[in-house]
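The values are calculated or read from the model by the stated rules, or taken from the named source; none is laboratory data. All of these numbers come straight from a predicted model, not from anything done at the bench. Here the Cβ is made from the backbone with ideal geometry for all residues, glycine too, and neighbour counts use every protein chain on show.
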Amino acid sequence: MNSASNQSNQGFPSSVRAHRRHVLRVGSLALGGLTLADLFRAQGVRGDQKWYDSVDGPAKSVIQIILPGAVSAQESWNPKPESPLEYRGPFGVNQTSVSGIVLGEMMPQTAKVVDKLTILRSVVGKIPDHGAGQYHMFRGYPMTPALKHPTIGSVVNHEYQSRGELPGYLVIGDSKDETGYLSPKYGPFTTGADPASSGFQVRDLRLPGGVTMDAFESRKRMRDAINAQFRALESNASPLDTMDAYYQRAYRMMTSQSVRDAFDLSKEPEQIKQRYGKDQFYRGSGSQAALRMLLARRLVEAGARFVTLRYGQWDDHSALQTSFEQQMPAFDHAFAALINDLDERGLLDSTLVWVASEFGRTPKINQVAGRDHWSRVFSIAMAGGGLKRGMIYGDSDATSTDPARDAVPLADLHATIYRQIGINSDKELMTAGKRPIEIIDGGKPIDAIVA
């Protein structure tokens with residue numbers, strides 16, 4: 001099966017067989033972003049690829065939650081209550097819904113959904129630098145000046161067509177430079193605004209200023225008439241038909257009630273918004289966490305394949321306690337609500353949710369009550385998408401200095417994510433210079449966490 005024909009509305013296809021084909025030239029892209037037509041035009045284009053055996057991927061969708069700045073595992077996913085004070089930090093712990101598992105004191109709501117999570121407590125990074133760490137975590141390769149790699153979301157967008165009328169990859173907020181050696185056409189569709197902002201509207205779903213829907217429809221009819229005239233004059237109208245199909249799809253997205261409804265948070269009952277924590281926490285951060293995660297659920301429910309959102313700023317070199325007191329309650333509330341909401345709607349088993357930062361924080365509290373950069377061991381949380389529930393995998397030692405057991409290299413983490421969404425992580429994609437590059441260099445899926 002050619003990857004360009006993977007059109008199942010039932011989730012990620014079980015087969016990722018592909019053969020070589022010519023790339024269709026579809027015109028230039030606007031600098032700094034994509035038009036809707038560009039994005040949909042990309043769905044008919046795939047690069048040179050190898051042949052691969054089938055991969056069964058239970059995940060139809062992915063929600064990727066990034067906590068930028070590097071959240072401390074000792075205060076969140078892997079507290080050390082028995083360690084000396086200078087190691088364990090300022091907080092206590094919460095007992096969870098799974099006997100014997102504890103989370104940080106600031107995560108009481110997440111503690112109640114641990115029976116639905118898999119927490120990896122022995123993840124191993126390489127470089128404790130924000131830029132390099134984020135690159136490695138969300139692209140799968142260490143940063144190198146020789147080649148820029150695509151993000152996981154862009155790879156998924158490259159491998160699969162979108163389901164329904166939504167683009168294959170969406171970012172809540174803004175994003176840039178995600179496609180690496182892949183064509184920019186595989187980058188995300190971005191909302192361009194925060195759903196927590198007043199008067200939130202999605203960029204590129206709005207009509208140009210001063211243009212009414214009637215005028216927009218009139219322009220479309222005129223364009224259709226001109227295209228019809230060209231078709232009558234052309235001996236081979238196939239290229240025109242192909243291009244027109246892309247514009248028609250962009251048009252359908254702009255005018256689709258189901259697409260507009262997916263982004264329209266006013267359609268969500270107020271009690272659901274409050275369940276996610278809207279208006280309940282410090283300086284509006286509750287609305288940011290709540291409405292970003294709620295929008296992610298709505299997009300997945302509407303058929304989105306891959307959704308990325310970010311929350312907070314966790315680079316706590318000083319005043320870590322204050323930072324957690326200000327930011328973690330909103331995250332805790334919204335994340336627990338997201339997991340419960342997905343589960344109640346029957347979406348969790350088919351939606352892979354993962355929460356990650358670029359690295360961890362130092363074992364000891366420093367002299368200004370913070371923790372510095374540390375990549376030798378840290379934690380991430382996952383849920384759904386065919387993973388086991390209520391599981392802890394691996395651990396750090398008593399002081400959170402190094403893995404104590406079952407170390408998880410980033411390549412293994414990424415191989416697991418790709419397998420759950422039906423992609424062979426050793427598959428070779430082609431750079432613009434026709435150089436074959438494996439999606440992930442090495443790495444083995446973590447079989448122990450798969451249901």
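Brief remarks follow.
- Members of the range 342-357 that are free of Cβ contacts under 8 Å to residues at least 40 places away in the same chain and either surrounded by 23 or more Cβ atoms within 10 Å (Cβ to Cβ) or on the phi > 0 side of the Ramachandran plot (or both): 346
- Evaluated against (1) under 18 Å from residue 440 (Cα atoms); (2) surrounded by fewer than 19 Cβ atoms within 10 Å (Cβ to Cβ); (3) not basic (Lys, Arg), residue 108 falls short on exactly one condition, (1).
- For the range 272-306, the candidate set comprises residues that are hydrophobic (A, V, I, L, M, F, W, C) and outside any helix (DSSP H, G or I); within that set, the residue that is surrounded by the most Cβ atoms within 10 Å (Cβ to Cβ) is 306.
- Within the range 175-207, tally of residues that are surrounded by fewer than 22 Cβ atoms within 10 Å (Cβ to Cβ), of a type outside the set (Gly, Ala, Ser) and within 22 Å of residue 276 (Cα to Cα): 4
- Only one of the listed residues (360, 386) is among the small types (Gly, Ala, Ser) and either surrounded by fewer than 19 Cβ atoms within 10 Å (Cβ to Cβ) or in contact with a Pro (Cβ under 6 Å, 6 or more places away or on another chain) (or both). That residue is 386.
- Candidate set: the range 243-271, residues that are among the polar types (S, T, N, Q) and part of a helix (DSSP H, G or I); chosen: the one modelled with the lowest pLDDT: 248
- Among the residues examined, residue 128 does not qualify as over 23 Å from residue 386 (Cα atoms), over 29 Å from the mean Cα position of the chain (by Cα) and part of a loop (DSSP other than H, G, I, E, B).
- Scanning the range 418-451 for residues that are in a strand (DSSP E or B) and either among the acidic types (Asp, Glu) or more than 16 Å from residue 179 (Cα to Cα) (or both) turns up 428, 438, 450.
- Whenever a residue of the range 143-154 is in a helix (DSSP H, G or I), its partners that are of a type in the set (A, V, I, L, M), lying with C-beta atoms within less than 6 angstrom and at least six residues away or across chains, give the pairs 154/182.
- Counted residues, the range 65-81 - those being surrounded by fewer than 22 Cβ atoms within 10 Å (Cβ to Cβ) and either polar (S, T, N, Q) or outside any loop (DSSP other than H, G, I, E, B) (or both): 1
- Search result, residues across the range 129-154 that are under 23 Å from residue 62 (Cα atoms), of a type in the set (S, T, N, Q) and surrounded by fewer than 21 Cβ atoms within 10 Å (Cβ to Cβ): 134
- Yes/no for residue 396 being more than 21 Å from residue 419 (Cα to Cα), out of contact with any His (no Cβ under 9 Å at 6 or more places or on another chain) and at pLDDT 95 or above: yes
- In this structure, residue 80 does satisfy being among the charged types (D, E, K, R), touching a Lys or Arg at 6+ places or on another chain (Cβ under 6 Å) and either modelled with pLDDT of 55 or more or under 28 Å from residue 173 (Cα atoms) (or both).
- Of all residues in the range 431-442, those that are over 17 Å from residue 158 (Cα atoms) have Cβ atoms under 7 Å from Cβ atoms of residues that are aromatic (Phe, Trp, Tyr) and crowded, with 16+ Cβ neighbours inside 10 Å, 6 or more apart or on another chain, in 441/141.
- Screening 339, 380, 365 for residues that are hydrophobic (A, V, I, L, M, F, W, C), surrounded by 18 or more Cβ atoms within 10 Å (Cβ to Cβ) and in a helix (DSSP H, G or I) leaves exactly one candidate, 339.
- Exclusive hit being under 16 Å from residue 62 (Cα atoms) and over 18 Å from the mean Cα position of the chain (by Cα), set 349, 343, 397: 343
- Any chance residue 166 is crowded, with 21+ Cβ neighbours inside 10 Å, in a loop (DSSP other than H, G, I, E, B) and not aromatic (Phe, Trp, Tyr): yes
- The set of residues in the range 385-401 being in contact (Cβ under 8 Å) with a residue 60 or more places away in the chain and of a type in the set (Asp, Glu) consists of 395 alone.
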